[in-house]
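Only one structure is covered here, and it is reproduced in the block below.
Each value in this text was obtained by applying a stated rule to the coordinates, not by laboratory testing. Not measured: the values here are computed from a predicted model. Quick reminder, even Gly has a Cβ in these numbers, built from the backbone with ideal geometry, and neighbours come from all protein chains shown.
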Amino acid sequence: MGKVFLVGAGPGDPELITKKAERVLKKADAVVYDRLVNREILSLAKVGAEMIDVGKIPGCHSVPQEEINRLLVQKARQYEVVVRLKGGDPFVFGRGGEEALFLRQHGVPFEIVPGITSAVAVPAYAGIPVTHRDLSSSVHIVTGHERCDRDKSVLDFKALAGLEGTLVFLMGIKNIEHIVKELAKNGKKEETPVAVISRGTTPHQTTVVGTLKDICRKVKESGIGNPAVIVIGDVVYMRDQIGWHETDGKKRILLTRAPEQSAELIESLRDCGYQVISCPTVKIEPVYGAFEAFSRRIEEYDYLVFSSVNSVKVLDEAMFLWRFDVRKLKGKKIAAVGAATAKALEKIHICADIVPGDFTSDALAEMMAAEVKGKRVAVLTSDIGGEKLIEKLRQHGGYVDKVPLYHNVPNYEIKDYLIEQLIRGLDLAIFTSPSTFNYLIEIAGDSANLLRDVRIMAIGPVTSQAILEKGYKVDLMPQRHDTEGIIALIKRDG
């Protein structure tokens, strides 16, 4: 019997996930997740983990709660570590209590990993403190979406209207007219300030401010929808003085590489005030059989060459699955195509001997040219990668084998989100490999034509050539392929 972790993923911003949540997510054999969980957080799951979407859209439950409960028990009997990933906090209107009780009744061990609740974080990102010494000494969190099988509301609107503290309604935008009407009917002043914050803490956060008298009209005119938090009380006045997160005027930058491979770049871009749209167009499917065959022949090789962070990630997982003894690497020279790949190796306690200053396969091949003649080389890469590097190493006299540790496939899971972002408009799109660009074109279909109005940055000449061959322009290509070089070029570009 495995263990189930009921994990809060926070309100949306992937940087608000807790360290413990990240740790258990990276260990999970299966992840059962909700609709509101950020894609960047999902990408933290280890390669090969079973990802199960039980997302619910308000008014249209894709998977009934009872079925989710049974699914958790089933996966706990199948796997050692199961993560039930929920937006916000699992015990704040997240039905985590129901799931924990069901697990206890069926003898399944579980643990709760609290998350930052949207009831506090979303107002904070809108510049609204839920308490303030001069304005509100209490905060009351209320469900705005009661169970539909109840004949009568359990909310005491007379008591709520009489409270002087802040009222925070979660999941209430569908019922906002009812909420406002009942509060006003029970004595809440029509001039009471109200803020409705949609998609809070994300780059798409939108806030509408009004009063009990006019907020419904303003929300309807704005067109905002779920997920949304409703804040009622004098603390809403603070937004005019300390609002800080709204993204109007920020340059929108699309990143097509997996977030875990672009973590440093994402953080630096955000610190510079840019709005980062993370949309990984490539999905990695491990080929563990290739590792098994490689591991049986590893004694033959003098050099191991890692072509990407993905090759390191799959190797790490495969070494664990096959109980591969790292001491078998003794005496072999390790090469990495770039600094990011070298850093990924260091995280699994393998130090690269050869890392080119120019992060390209050509530069790596040139660095190895003088010493590779007559040597056996294994290039750990994808099924569609490494060909140019392999050819160059063979030209220098090396006996080179390709080890395809993973397949690169189009990530159709991001299709709707990708098209939405293309329609909204982008200022810059960054492509780190031919596959990140080619798969975007494949996934987006006709909507890919919207990219023709976007400035494009290509990392490296191979990527640039792939983009040009498709009839698109390349506006920027940094000489340095690291975060510092990319940021410097974006700033110079304005």
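Between the beta carbons of LYS220 and ASP353, assuming R0 = 60 Å, the FRET efficiency works out to 0.40 to the nearest 0.05. Relative intensity of the range 211-356 on a log10 scale, I(q)/I(0) at q = 0.13 Å⁻¹, equals -0.76, per a Debye sum over C-alpha point scatterers of equal strength in the absence of solvent.
What the Cβ-Cβ distance of ARG297 and LYS174 gives, at R0 = 45 Å and to the nearest 0.05, is a FRET efficiency of 0.15. Give the Debye-formula value of log10 I(q)/I(0) at each listed q (0.19 Å⁻¹), with one equal scatterer per alpha carbon of the range 3-116, two decimals each. For the range 3-116 at q = 0.19 Å⁻¹, log10 I(q)/I(0) is -0.92. Subtracting the Cα-Cα distance of LYS19 and ALA184 from 0.36 nm times their residue separation leaves 55.1 nm of extension gain. Estimated from helical segments only, the mean residue ellipticity of the chain at 222 nm is -10000 deg cm²/dmol, where each DSSP H run of four or more residues counts as -39500 (n - 2.57).
Rounded to the nearest 5, what % of the DSSP beta bridges within the chain are antiparallel ones? Within the chain, antiparallel bridges account for around 30 percent of the total.
For the cross-link pairs LYS330/LYS375; LYS250/LYS415; LYS347/LYS392; LYS26/LYS283; LYS343/LYS375, the ones whose C-alpha atoms lie over 19 Å apart are LYS250/LYS415; LYS347/LYS392; LYS343/LYS375. Here the scattering of the chain is modelled by Debye summation over its C-alpha atoms, one equal scatterer each and no solvent; at q = 0.06, 0.08, 0.11 Å⁻¹ the log10 of I(q)/I(0) is -0.34, -0.59, -1.00. Karplus-derived 3J(HN,Hα) values for the range 164-169, using 6.51 cos²θ - 1.76 cosθ + 1.60 with θ = phi - 60°, are 8, x, 7, 9, 10, 9 Hz; glycine and proline are entered as x. Bridgeable aspartates and glutamates around LYS213 (alpha carbons under 15 Å apart, same-chain partners fewer than 8 residues away excluded): GLU177, GLU182, GLU190, GLU191, GLU221, ASP234.
Projecting the Cα atoms of LEU160, MET1, GLY127 onto the dipole axis of the chain, where Lys and Arg carry +1 and Asp and Glu carry -1 at the beta carbon, places MET1 farthest toward the positive end. Note on the range 151-244: semi-axes of the ellipsoid equivalent to its C-alpha gyration tensor, largest first and rounded to whole Å, are 21, 16, 12. With the highest mean first, a sort of the peptides 25-38, 367-380 on other beta-carbon atoms found within 10 angstrom per residue produces 25-38, 367-380. For the range 39-53, putting each phi into the Karplus relation 6.51 cos²θ - 1.76 cosθ + 1.60 with θ = phi - 60° gives couplings of 4, 5, 5, 4, 5, 6, 4, 5, 4, x, 5, 6, 9, 10, 8 Hz, in residue order, rounded to whole numbers and with x for Gly and Pro. Extents of the range 285-408, taken as max minus min of Cα coordinates on every principal axis and listed largest first, are 35, 27, 27 Å.
Under 5 Å from the amide H of ALA30 lie the amide H atoms of GLU50, VAL81, VAL83, each residue being 5 or more positions distant or on a separate chain, with H modelled from the backbone and absent for Pro and chain starts.
For ASP493 and GLU66, the difference between the fully extended length at 0.36 nm per residue and the C-alpha to C-alpha distance is 148.4 nm. Treating the angle as unsigned and between 0 and 90°, give the value, to the nearest 10°, between the Cα long axis of helix 96-105 and the longest Cα principal axis of the chain. Between helix and principal axis, roughly 70 degrees.
For the range 191-318, the residue among THR207, PRO259, LEU315 whose Cα projects farthest onto the positive side of the dipole built from Cβ charges is THR207. Given R0 = 45 Å, the distance between the Cβ atoms of GLU413 and SER137 translates into a calculated FRET efficiency of 0.50.
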